[in-house]
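Below is one structure; the comments refer to it alone.
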Amino acid sequence: MSKLVAFAAIQGGYNVVSKVEGEYKKALATYNADTKVGFPNTGYYLPVIYSLLGHKVETLEDMKKPLDFARSLLPAQIKSSNHLPYLGPLLDAGMAAVLAFEIKEALRYLNEPDFYLHSEDVDLDAGKIWLGAADDVVLRKRGVEFVDGSAPGFAAIVGAAPSPEIAKAIVEEYQLKNLYVFLAANHNGTSVAEQLIEADVQIGWGTRIVPFGPDISSAVFALGFANRAAMSFGGVQPGDAKKILLYNKDRIFAFVNALGHVGTEWGAAAAGAVNWGFPTTEWGAAAAGAVNWGFPTLADSDIPEILPTGVCTYEHVVANVGYEEMCQKSIEIRGLKVAVTEIDIPCSFGPAFEGERIRKADLHSQMGGGKTQCTELVKRAEMNEIEDGKVEVIGPDISDLKEGDTLPLGIFVQVAGREFQSDFEPILERQTHHLVNYIQGIMHIGQRDIAWVRVGKAAVEKGFTLKDIGVVLHAKLHQDFGSILDKIQVTLYTKKDDVDALTEKARNEYHMRDARVDNMTDENEEIFYSCTLCQSFAPNHVCTVSPERTGLCGAYNWMDCKASYEINPTGPNQPIEKGECLDTKYGQWKGVNDFVQKASRGAVTHYNFYSMLVDPMTTCGCCEAIAHAVVVKRLLPSFPCVTV
């Protein structure tokens with residue numbers, strides 16, 4: 001962490017606290033010490049101070065104690081030599097600034113009672129666009145959304161974008177993610193709130209775009225709202241600062257977007273930072289303050305960064321973020337998982353349709369199944385390489401086909417995520433089987449490069465297209481594996497050359513995956529894995545996957561099942577202690593038999609791993625290869641018994 005970052009935050013803390021101390025002394029000289037102060041219609045007093053310190057600030061005199069505490073938090077100034085790059089002093093300086101900012105805003109309510117509009121909506125006719133602190137009515141109405149997940153978090157945008165169009169684009173992208181947008185501060189004489197009004201965007205609590213105030217100090221209203229949610233809905237007691245901050249880090253997924261060099265007042269030292277293109281010290285203090293909550297800051301300018309993890313989930317302060325990637329980058333760095341709740345396809349969708357069969361009389365068209373090539377591949381990508389939610393069909397679609405036609409098909413799913421590993425690729429790839437089967441009127445069989453998709457007439461009549469497969473995969477993989485991935489892009493190829501190219505790439509990937517277990521043996525491993533993924537249409541079928549034996553479908557090997565269990569401990573791939581070996585020739589273990597009998601509901605009591613004639617493993621019908629034996633009756637005693 002650079003000395004300049006520490007300087008900006010610590011010097012900013014000193015500047016803010018000193019300035020507010022001056023305002024407080026002026027207020028004491030103007031009003032009686034017992035003059036009532038606070039935010040309107042709330043039982044949480046000054047909520048940041050009340051939640052963190054337990055102090056009930058009700059009068060002007062009550063402000064002295066938290067203001068003195070803010071002063072005591074300020075660390076020593078940065079030394080010119082032997083600087084220790086620790087995060088702690090910055091956090092203390094930031095917290096001091098936040099506490100002082102809240103007192104500053106309370107003094108504004110005292111000195112200018114009509115400055116903020118006490119309403120959920122702005123009044124453009126009266127020129128009143130700043131709503132100030134949310135009262136308890138708004139908290140009860142809106143705060144619960146941060147608890148039940150309907151609002152996954154909020155973006156606190158401070159400053160102003162280069163243009164109203166850019167401001168609108170950023171904010172609307174957050175709206176599509178169901179995030180609240182809290183607006184504060186200004187840059188070059190304007191603010192994002194004013195830019196949105198100019199772009200004809202409705203702002204106010206009703207549209208989840210809340211203009212708090214024109215100064216950086218008004219950003220404290222966002223922190224106060226978050227802390228009140230922790231007390232009101234999280235049951236955290238006032239004064240328990242550690243639990244308040246941890247609740248916000250773990251439950252309130254928020255972050256700051258700093259647009260432009262926020263702040264207008266700075267001392268001579270801060271001016272030096274600005275001359276170098278760095279933020280003002282007040283901005284530095286505000287950013288350091290937000291980090292205490294686990295809320296990272298992303299800026300569009302060339303500011304000093306704090307990249308190592310520690311308090312925030314990932315980076316703390318990130319610079320030079322482009323406007324087109326501001327939303328996605330913010331969500332990524334905060335560790336926010338945006339749930340996809342609706343699957344926008346014309347057909348009904350759900351597990352009830354997984355066992356559906358598309359027979360010849362009901363068939364409109366098909367891909368794969370020996371008629372054409374059909375290949376599926378999931379590959380890990382870097383975060384900046386793909387666009388979340390992008391689904392593209394390259395080539396003819398269902399609407400271009402006549403009844404009875406066929407198409408080659410390549411389903412290429414690219415996945416990116418901070419927690420995503422290449423070992424997880426085959427697990428997500430295998431989900432294609434049951435997720436496509438969830439679509440009413442669509443049948444999916446097989447896997448890898450031997451998949452088979454049959455499209456029913458009824459689905460086509462409803463408007464089904466191949467893009468709907470991508471929509472389903474994007475939505476369901478987000479829902480089921482959101483803890484390990486952040487972005488999903490799906491491309492469906494239907495031109496032969498494209499499908500062949502994908503197939504060649506996929507087969508190389510399959511080979512590398514399978515090679516991981518080439519040197520492993522069943523004798524040397526005590527844990528095998530179950531696979532019950534196909535029980536929806538083969539209820540008594542149970543595969544057991546060992547190092548030397550994949551599932552019958554060929555999609556999962558032992559390493560894949562191990563990774564699948566790590567992702568989903570209650571999923572279809574459960575560890576099995578193989579136990580005592582009952583038959584070394586045919587491959588039978590007591591622990592496997594016990595598991596299979598239970599998992600098949602008593603239908604299968606035992607089976608052998610290495611025989612296709614003597615008690616073989618069960619099958620669901622999705623087989624990568626079929627072995628068979630034909631015994632030919634001897635025509636003459638001298639003829640041998642022929643086995644094929």
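The values are calculated or read from the model by the stated rules, or taken from the named source; none is laboratory data. This structure is a prediction, so every number in the text was calculated from the model and none was measured. Heads up, the Cβs are rebuilt from the backbone with ideal geometry, glycines too, and the neighbour counts pull from every protein chain shown. Heavy atoms of the whole protein, side chains included, go into the accessibility calculation; ligands, DNA and RNA do not. Shrake-Rupley method; radii C 1.70, N 1.55, O 1.52, S 1.80 Å.
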Restricting attention to region 458-501, which residues are open to solvent by 10 Å² or more (accessible area, probe 1.4 Å), in a helix (DSSP H, G or I) and within 22 Å of His434 (Cβ to Cβ)? Ala458, Val460, Lys462, Lys467, Asp468, Val471, His474, Lys476, His478, Gln479, Asp480, Phe481
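Take the residues in region 397-410 that are of a type outside the set (A, V, I, L, M) and assigned to a strand (DSSP E or B), then tell me which one is farthest from Leu492 (Cα to Cα).
Taking region 397-410 as the starting set, the residues that turn out to be of a type outside the set (A, V, I, L, M) are 397, 399-400, 402-406, 408, 410.
Within this subset, residues satisfying the condition of being assigned to a strand (DSSP E or B) are 406, 410.
On the way: Thr406: 15, Gly410: 6 Å.
Residue satisfying both the conditions and the ranking: Thr406.
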Please find, within region 438-485, the residue that is modelled with the highest pLDDT out of those that are within 30 Å of the chain's Cα centre (by Cα) and aromatic (Phe, Trp, Tyr). Phe464
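Output the strands (runs of 3 or more DSSP E) that fall wholly within region 520-592 and possess 1 or more residues being of a type outside the set (A, V, I, L, M) and within 18 Å of Asp423 (Cβ to Cβ), or say none. Quick ask: steps written out before the conclusion?
Values: elements: 527-531, 543-545, 575-577, 581-583.
Strands (runs of 3 or more DSSP E) meeting the threshold: 527-531, 575-577.
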Name the residues in region 327-375 that are touching a strand residue (DSSP E or B) at 6+ places or on another chain (Cβ under 9 Å) and assigned to a helix (DSSP H, G or I), would you? Cys327, Gln328, Lys329, Ser330, Ile331, Glu332, Ile333, Arg334, Phe353, Asp362
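Please verify whether Val98 is out of contact with any strand residue (DSSP E or B) (no Cβ under 9 Å at 6 or more places or on another chain), open to solvent by less than 20 Å² (accessible area, probe 1.4 Å) and at pLDDT 95 or above, treating the condition exactly as stated. Even if it seems obvious, please write down each step before you answer.
Values: out of contact with any strand residue (DSSP E or B) (no Cβ under 9 Å at 6 or more places or on another chain): yes; open to solvent by less than 20 Å² (accessible area, probe 1.4 Å): yes; at pLDDT 95 or above: no.
In short, no.
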State whether the residues of region 312-326 include one that is under 20 Å from Val490 (Cα atoms) and out of contact with any His (no Cβ under 9 Å at 6 or more places or on another chain). yes
Of all residues in region 122-148, count the ones that are touching a residue at least 24 places away in the same chain (Cβ under 8 Å), over 23 Å from Tyr45 (Cα atoms) and open to solvent by 50 Å² or more (accessible area, probe 1.4 Å). 1
Here's a check for you: in region 214-255, which residue that is assigned to a loop (DSSP other than H, G, I, E, B) and acidic (Asp, Glu) is modelled with the highest pLDDT? Asp240
Consider Pro85 against the criteria (1) modelled with pLDDT of 95 or more; (2) in contact with a helix residue (DSSP H, G or I) (Cβ under 8 Å, 6 or more places away or on another chain); (3) open to solvent by 20 Å² or more (accessible area, probe 1.4 Å): it satisfies all of them except one. Which criterion is unmet? (1)
For region 193-213, how many residues are touching a residue at least 60 places away in the same chain (Cβ under 8 Å) and either assigned to a helix (DSSP H, G or I) or of a type in the set (D, E, K, R) (or both)? 5
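Only one of Val413, Val378 is in a strand (DSSP E or B), closer than 29 Å to Ala501 by Cβ, free of Cβ contacts under 8 Å to residues at least 60 places away in the same chain and within 35 Å of the chain's Cα centre (by Cα); which? Before the answer, list the steps.
Working: Val413 fails: free of Cβ contacts under 8 Å to residues at least 60 places away in the same chain.
After ruling out the rest, the residue left standing is Val378.
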Give Met443, Met512 a once-over and let me know the one that is in a helix (DSSP H, G or I), open to solvent by 10 Å² or more (accessible area, probe 1.4 Å) and among the hydrophobic types (A, V, I, L, M, F, W, C). Met512
When the residues of region 324-348 are narrowed to those that are over 30 Å from Tyr314 (Cβ atoms) and surrounded by fewer than 20 Cβ atoms within 10 Å (Cβ to Cβ), which ends up modelled with the highest pLDDT? Pro346
Hey, could you check region 373-413 for residues that are charged (D, E, K, R) and over 26 Å from Ile450 (Cβ atoms) and say which is surrounded by the most Cβ atoms within 10 Å (Cβ to Cβ)? Asp388
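Let me confirm something: among Glu145, Glu165, Glu172, which residue is among the acidic types (Asp, Glu), closer than 27 Å to Lys329 by Cβ and more than 23 Å from the chain's Cα centre (by Cα)? Walk me through it before giving the result.
Working: Glu145 fails: more than 23 Å from the chain's Cα centre (by Cα); Glu172 fails: more than 23 Å from the chain's Cα centre (by Cα).
Among Glu145, Glu165, Glu172, only Glu165 is among the acidic types (Asp, Glu), closer than 27 Å to Lys329 by Cβ and more than 23 Å from the chain's Cα centre (by Cα).
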If I filter region 414-432 for residues that are at positive phi, open to solvent by 30 Å² or more (accessible area, probe 1.4 Å), of a type in the set (Gly, Ala, Ser) and out of contact with any helix residue (DSSP H, G or I) (no Cβ under 6 Å at 6 or more places or on another chain), do I get at least one hit? no
